[in-house]
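Okay, structure first, notes after.
The values are calculated or read from the model by the stated rules, or taken from the named source; none is laboratory data. Note that the coordinates shown come from a computational prediction; the quantities given were computed from them, not determined experimentally. Here the Cβ positions follow ideal geometry from the backbone for every residue, glycine too, while neighbour counts run over all protein chains shown. The protein model used for the area step is the full one, side chains on, heavy atoms only, and it has no ligands, DNA or RNA in it. Shrake-Rupley method; radii C 1.70, N 1.55, O 1.52, S 1.80 Å.
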Number of protein chains: 2
Amino acid sequence: MRRKRFASSENAPGGAPVVTMSDVAMHAGVSAQTVSRVVGRPELVAEATRIKVQEAIRALNYIPNEAARNLASKSSRVVAVIIPTLSSSVFAAQVKGIIDLLEPRGISVVIGNSEYSMLREEQIIQTLLERRPLGFILTGLQHSPRATDLLRQSGIPVVETWDTDSRPLDLAAGFSNIAAGHEVGSLLVARGSRNVAFVGGSAKQDARANGRFVGMAQALAEAGLPPAFRVELLLPMSSQDGIRGLDEVLQRAPMTDAIFFSADMLALAALLECNRRGVRVPEQLAICGFGDYDLAALVTPALTTVKIQPDEMGMKAAELLLARLDGAPDRQKSVVLRPQLIRRGSA
Amino acid sequence: MRRKRFASSENAPGGAPVVTMSDVAMHAGVSAQTVSRVVGRPELVAEATRIKVQEAIRALNYIPNEAARNLASKSSRVVAVIIPTLSSSVFAAQVKGIIDLLEPRGISVVIGNSEYSMLREEQIIQTLLERRPLGFILTGLQHSPRATDLLRQSGIPVVETWDTDSRPLDLAAGFSNIAAGHEVGSLLVARGSRNVAFVGGSAKQDARANGRFVGMAQALAEAGLPPAFRVELLLPMSSQDGIRGLDEVLQRAPMTDAIFFSADMLALAALLECNRRGVRVPEQLAICGFGDYDLAALVTPALTTVKIQPDEMGMKAAELLLARLDGAPDRQKSVVLRPQLIRRGSA
DNA sequence: TTGTAGGCGTTATCAT
DNA sequence: ATGATAACGCCTACAA
């Protein structure tokens, strides 16, 4: 004796029948609404009913449909994260921090790579807006005017990361690149460097690296040192660019006795190259990096650098978002992290 | 003179009015269906109409609602990617490869971190199933029975990566860890190493690393060498674990003259530590890594390692998925990449 | 504690 | 080339 098992008559072509809430309801002998409650707010349902429904859910292998849920509730469970690139360990770590905080809350993270391009960022924002994400987590404070408009009009919370040196659109979790650069500059001054160079991403492409340069330049100026020689690299950068930067400094500013690299990957490559060439670090050339990369403490001499903890930055960003979503009046619009200068052997 | 501008009467609390397709239709003087065509398949609409509609879209700042789209079309534009951790540059690179291929096709990538736990993986799969993704891209060939069931029943395409040493669930893009390990073993044999050690993630947690061990052990056996001393590390690993592994080998198997590390991060840390301690590489101790990490070529001696190109693996995985989605009968169920042994100074 | 009614914004299907 | 109608699967609001 057969009877119809599923309310939805049509099934996937070659696949299993599509089980919906009303299938479960029918199976359990309750209304669809009760099934909805069991899935979403089980505490509102009497225990006996709840168990009955849960058994039906298991028996039918019911899997809620997130799209239907989103449409009916006018809200998604997605956060959009846009970073320049996943190739850089600092951004990957930031994303990991975000996921670690959001995943337990049932929120998925979708990632966009802007490749350091404001136009790409704008396009990604436009596309991701269609998903009505709970929030955006962006890198830096600079965006195309249209991107800014889109975000504003959407009314969706935005957290900007990696930079607190100017006014955020909405929320921010980051640090002052200028202050961090200034600390490095002061260290170089204190250790007696006179001719300092800076190697990093181009100012137009990487406003954060530029901030570090500005801060360092300021410290040098305060100490009456000559302005830094600057090498601007095109993004994205590989470790090879560290060596290229080193070469350019050595050739075009041979008096240089200290280099501040905007990222540890560059600094480490340069430091290892110095070892190979017999350039003595820090006696002949002091080297300072940025990021406190995993191997920074292990090279010889160990790399002096700035620790920024991007994973924590990601978590703070996610926290700001969650607080806003929980409807709390913003306790703080902006979390300012404090990078830590770690002095080791190289400078 | 005012008139009602929006079909949807209710607006977001403090935000902009919610613009829907029928608002656009009204504004342009066409039916909603025509707007839908303009958005999705503009070639089906007469040019004059199309332009009129596109103007209305711009004028009203219309943004399609992906949830409604998914519900009506019974299909999403999401691919789910589950990796052990984003902290490891190889997995981050893989994800980047996937995104680079999918983003241009309008497909978003949601990421899950399993933390090397099959249970976590299963939970993530269950959650992400609610989004009805176009496909899953997983790491490795081992999954909990329930995870396997869930995937099978869903009928959703699955690509498994990083391992082709046993039978995949569905599609696969990876390489043979056993073969790669065997190559390393052969190299060590050829260079005259006699007492080889292996340092890597525990076999239970990391089946891929175990495959590399097995392959290497086989090569040693074939050459009549004694079995390798093995150090199994708990995941996740940091570079410090490379030093811990080195120490354990040096203490418990002092005759060791070569170590194969399952990841470059470990090998580099160990190599740098050897430099610091005055252990001569490769004369006293040969070191081989895995992954061809960015800095591998820059240390002294340069690290002998195996290049795997995880970004390409990610792209291949995405391609397999796209081919399947395009309805093509599977031309290949499995893409087997060929890792490349790169011999440098350390072994 | 549970059920009913209605609608969320789009696409599929069939007409015209 | 365009339109009308009916789902899609769930949640909100209200009623019982």
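Remark: mean inter-chain Cβ contacts per residue of A:262-275 equal 2, using a 10 Å Cβ-Cβ cutoff to other protein chain atoms. With each label modelled as a point 7 angstrom along the Cα→C-beta vector, the A:Gln240-B:Asp149 pair spans 5.1 nm. Treating each Cα of the stretch B:177-307 as an identical point scatterer and ignoring solvent, apply the Debye formula and state log10 I(q)/I(0) at q = 0.10, 0.11, 0.15, 0.22 Å⁻¹. At q = 0.10, 0.11, 0.15, 0.22 Å⁻¹ the computed log10 ratios are -0.25, -0.31, -0.59, -1.40. Extension gain for A:Arg276 to A:Gln126 (0.36 nm times residue separation, less C-alpha to C-alpha distance): 49.2 nm. In this label model, B:Arg191 and A:Arg167 are separated by 6.0 nm, measuring between points 7 Å along each Cα→Cβ vector. Backbone amide hydrogens, once placed in the peptide plane, bring B:Phe198 within less than 5 Å of B:Phe229, B:Arg230, B:Val231, B:Phe260, excluding anything fewer than 5 places away on its chain. How much accessible area is lost when chains B and A come together, counting both sides, with a 1.4 Å probe, in Å² rounded to the nearest 100? For B against A, buried area totals roughly 4800 Å². Only one residue of B:Gly185, B:Ser238, B:Pro226 has its Cα farthest out toward the positive end of the dipole of the stretch B:177-307, where Lys and Arg carry +1 and Asp and Glu -1 on Cβ, and that residue is B:Pro226. Per the Debye calculation on the protein assembly as shown with a single equal scatterer at every Cα and no solvent contribution, log₁₀ I(q)/I(0) for q = 0.11 Å⁻¹ amounts to -1.21. Counting only residues at least eight positions apart within a chain, or on another chain, the aspartates and glutamates with an alpha carbon under 13 Å from that of A:Lys96 are A:Asp311, A:Glu312, B:Glu115.
Computing FRET efficiency as 1/(1 + (r/R0)^6) for A:Ser22 and B:Leu44, where r is the C-beta to C-beta distance and R0 is 41 Å, gives about 0.75. What's the long-distance tail for chain A, i.e. % of Cα pairs beyond 39 Å? Considering chain A, 33 percent of its Cα-Cα pairs are separated by more than 39 Å. Placing a label point 7 Å from the Cα of A:Ala223 along the Cα-to-Cβ direction, the residues of the stretch A:232-257 with a backbone N closer than 13 Å are A:257.
Once the C-beta distance of B:Asp100 and A:Arg343 is scaled by a Förster radius of 51 Å, the resulting FRET efficiency is 0.85 to the nearest 0.05.
Taking 7 Å steps out from each Cα toward its Cβ at B:Ala323 and A:Leu325 produces label points 3.8 nm apart. I need the calculated FRET efficiency for the pair B:Ile51 and A:Glu283, taking r as the beta carbon distance and R₀ as 51 Å, to the nearest 0.05. Efficiency for this residue pair is about 0.15. Mean residue ellipticity, 222 nm, helices only, the protein assembly as shown: the sum of -39500 (n - 2.57) across DSSP H runs of n ≥ 4, divided by residue count and rounded to 500, is -13500 deg cm²/dmol.
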